[in-house]
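Data block below; observations after.
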Amino acid sequence: MQGKVCPRKRDFYPNVAGIFKARTTGALSRPIYAARVSAGFPSPADDYLEGRLDLNRHLIRHPIATYYVRVVGDSMIGENIHDGDLLIVDRAEDAADGDIVVARVDGEFCVKRLHVNGDGARLCSANPKYPDIELLPETDWEVWGKVIYSVRRH
């Protein structure tokens, strides 16, 4: 699909469900075990506590510029980003060619892979059912942050 984003872009470009500010005022400390988790036969001898892990410290580099967003739709399934996943997005990180970003295009939010070249930019889906979004000079768009992590419930 070339040109401007169609008026019913919501049908083609699933939006994010909501944007939530990252709270890092208190530590999110959880126990961490020194042993690795085996995907094969577990060893009962590896059962000891190493210490505590603060997830905020490990997942969030820029607390003031970081937010969470829930994914709606399957346009990024080829990047292993699924409907319902929680994304950790950092606005302080510079988005470059090839990065996965949350962007605002004509007032709607989406998560896509950013591709920049000498002629311009486009936001690319990771599912062939969805066309890329060509970002023309007249398109109202901006990157709202670089996706740093995705979290999925199993």
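The values are calculated or read from the model by the stated rules, or taken from the named source; none is laboratory data. Source: prediction; values computed, not measured. Glycine gets a Cβ as well: all are built from the backbone with ideal geometry, and neighbour counts include every protein chain shown.
For the reader, a short list of remarks on this structure follows.
- Test for T66: is it surrounded by fewer than 20 Cβ atoms within 10 Å (Cβ to Cβ), in contact (Cβ under 8 Å) with a residue 12 or more places away in the chain and over 10 Å from the mean Cα position of the chain (by Cα): no
- For segment 41-54, the criterion of being part of a strand (DSSP E or B) and at pLDDT 90 or above is met by no residue.
- Inter-residue pairs, beta-carbon under 9 Å, first part of a strand (DSSP E or B) and in segment 130-154, second hydroxyl-bearing (S, T, Y), 6+ apart: I133/Y13; I133/S125; I133/T139; W144/Y67; G145/T66; G145/Y67; I148/T66; V151/Y68
- Number of positions in segment 85-127 that are part of a loop (DSSP other than H, G, I, E, B) and free of Cβ contacts under 8 Å to residues at least 24 places away in the same chain: 5
- Entry remark, segment 55-84: residues being part of a helix (DSSP H, G or I) and polar (S, T, N, Q) number 1 in total.
- I88 being of a type in the set (A, V, I, L, M) and out of contact with any strand residue (DSSP E or B) (no Cβ under 8 Å at 6 or more places or on another chain): no
- Matching entry among A121, A95 (being farther than 14 Å from G145 by Cβ and either surrounded by 19 or more Cβ atoms within 10 Å (Cβ to Cβ) or of a type outside the set (D, E, K, R) (or both)): A121
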